[in-house]
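A short write-up of the structure that comes next.
Every read-out reported here was derived from the displayed coordinates using simple, explicitly stated rules and does not represent laboratory data. This structure is a prediction, so every number in the text was calculated from the model and none was measured. For neighbour counting, all protein chains shown are included, and Cβ atoms are generated from backbone atoms with ideal geometry for every residue, glycine included.
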């Protein structure tokens, strides 16, 4: 523990580390879900659905769009982190709590703490609904169909 920062420095570093770990875990889950969807699609089509075909996604004609969608979801996650930090600063200010116990006490026993809990829950719900609405339709569609080629439209005059 650095004497200048005390507990607040450790709390901030802990939040950053937890955020990075959760980001990596969620990306791994998304990759696994895409691979499982590919296996499910192959089984439904009557093709070989052994585990080695989970990586056939890498040969998909829509791979660029899948990567772009992953980058969009990562950008939404980073925006959510910025919004969450701004909300904390708007409610509690820039002063960091002196200890974890102080933070929990402030969070659970003060009106500011309950405001943070309720508003952050609502904003988090909106971000989750946005991500679900994007990913629940787009990833399966991109894996199942060659959307990139079919979505090109040219204006027809005549």
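Could you give the nm distance between label points at residue 106 and residue 126, where each point is 7 Å from its Cα heading toward the beta carbon?
2.4
Students often check this: by mean Cβ neighbours within 10 Å, which of 61-67, 98-104 ranks highest, and how do the rest follow?
Details: 61-67: 14.9, 98-104: 12.9.
Ranking, from highest mean packing down: 61-67, 98-104.
Using 7 Å Cα-to-Cβ label points, what is the residue 45/residue 78 separation (nm, one decimal)?
Distance between label points: 3.4 nm.
For an R0 of 30 angstrom, estimate the FRET efficiency from the Cβ-Cβ distance between residue 88 and residue 137 and round to the nearest 0.05. Please report the intermediate quantities before stating the final value.
On the way: r = 32 Å, r/R0 = 1.08.
That pair, residue 88 with residue 137, gives E of 0.40.
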